[in-house]
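Visitor: Have a look at this one.
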Amino acid sequence: MPVDLDETDRKLIAILQQDGRRSFKDISEETGIPASSVRYRVQRLEESGTLQIVGVADPLRIGFDRLALIGIKCALGKAREVCEELSKLSETSYVVLTTGQFDVMVEVVCRDIAHYTEFLHELLPKIDGITGTETFFVLEAHKLAYGWGIGDESPTPTDGAAGDPS
């Protein structure tokens, strides 16, 4: 369920996207918002699933040899179920329902080609509804960014939330 974000929430998200290790006290001093309010708002954003504070690493630099994007074709009406099942697998880091040639796109991180082969030939076939796949191996990662909503890229509020037809 989307959370209604005000300018203060957007400001806190932008600050934490730049440095997720900032203390509530530091954020309070920068923004003039009481530290208790910063703590409450950040906790509310985390509990709603709007904000997640994590360390992001380039998998190709920390010992994972295979990073791949997989386009998945699904049986009619099965794409959401496929997404749910893919999301449960430890190898998947990104699972989205899409339009176009593929019904689902998934990012997979594997230790090596043997691990990827096991994923492709042993794990994927257990998921009901997959009718075809195409793999795109990542050779180099040139940008891994998670700074949406910072500066000029911040979306402007609309009357309806994304996906909300009202």
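Visitor: Can you pull out every residue in the range 94-118 that is in contact with a Lys or Arg (Cβ under 9 Å, 6 or more places away or on another chain) and of a type in the set (F, W, Y)?
Guide: Once the filter is applied, which keeps residues that are in contact with a Lys or Arg (Cβ under 9 Å, 6 or more places away or on another chain) and of a type in the set (F, W, Y), the range 94-118 yields F102, Y116.
Visitor: Right, here's the next one. Given the condition part of a strand (DSSP E or B), touching a strand residue (DSSP E or B) at 6+ places or on another chain (Cβ under 6 Å), farther than 10 Å from I70 by Cβ and in contact (Cβ under 8 Å) with a residue 60 or more places away in the chain, answer yes or no: does some residue in the range 105-127 qualify?
Guide: No; the residues of the range 105-127 include none that is part of a strand (DSSP E or B), touching a strand residue (DSSP E or B) at 6+ places or on another chain (Cβ under 6 Å), farther than 10 Å from I70 by Cβ and in contact (Cβ under 8 Å) with a residue 60 or more places away in the chain.
Visitor: Related question: How about the range 8-46: which of its residues are out of contact with any helix residue (DSSP H, G or I) (no Cβ under 7 Å at 6 or more places or on another chain) and part of a loop (DSSP other than H, G, I, E, B)?
Guide: Across the range 8-46, the qualifying residues are D19, G20, R21, S23, G32.
Visitor: Scan the range 65-79 and give yes if some residue there is within 19 Å of K143 (Cα to Cα), over 16 Å from the mean Cα position of the chain (by Cα), of a type in the set (A, V, I, L, M, F, W, C) and assigned to a loop (DSSP other than H, G, I, E, B), otherwise no.
Guide: Within the range 65-79, none of the residues are within 19 Å of K143 (Cα to Cα), over 16 Å from the mean Cα position of the chain (by Cα), of a type in the set (A, V, I, L, M, F, W, C) and assigned to a loop (DSSP other than H, G, I, E, B).
Visitor: Where residues in the range 90-104 are assigned to a loop (DSSP other than H, G, I, E, B) and among the β-branched types (V, I, T), which of them is surrounded by the most Cβ atoms within 10 Å (Cβ to Cβ)?
Guide: T98
Visitor: What is the residue count in the range 49-64 for residues that are surrounded by 12 or more Cβ atoms within 10 Å (Cβ to Cβ) and not in a helix (DSSP H, G or I)?
Guide: Counting residues in the range 49-64 that are surrounded by 12 or more Cβ atoms within 10 Å (Cβ to Cβ) and not in a helix (DSSP H, G or I) gives 4.
Visitor: Is the range 40-48 home to any residue that is of a type outside the set (A, V, I, L, M), over 30 Å from I130 (Cβ atoms), surrounded by 12 or more Cβ atoms within 10 Å (Cβ to Cβ) and in contact with a Gly (Cβ under 9 Å, 6 or more places away or on another chain)?
Guide: no
Visitor: Kindly indicate which of T92, T50, T117, T99 is in the same structural domain as L16 (by TED's automatic domain parsing), among the hydroxyl-bearing types (S, T, Y) and either over 30 Å from R21 (Cβ atoms) or under 20 Å from the mean Cα position of the chain (by Cα) (or both).
Guide: Within the list T92, T50, T117, T99, the selection yields T50.
Visitor: Within the range 80-89, is there a residue that is small (G, A, S), free of Cβ contacts under 8 Å to residues at least 24 places away in the same chain, assigned to a loop (DSSP other than H, G, I, E, B) and assigned by TED's automatic domain parsing to the domain that holds T133?
Guide: No, there is no match, as no residue in the range 80-89 is small (G, A, S), free of Cβ contacts under 8 Å to residues at least 24 places away in the same chain, assigned to a loop (DSSP other than H, G, I, E, B) and assigned by TED's automatic domain parsing to the domain that holds T133.
The values are calculated or read from the model by the stated rules, or taken from the named source; none is laboratory data. What you see is a predicted model, and the numbers here were worked out from it, not measured in a lab. Neighbour counts are summed over all protein chains in view; Cβ atoms, including those assigned to glycine, are modelled from backbone coordinates with ideal geometry.
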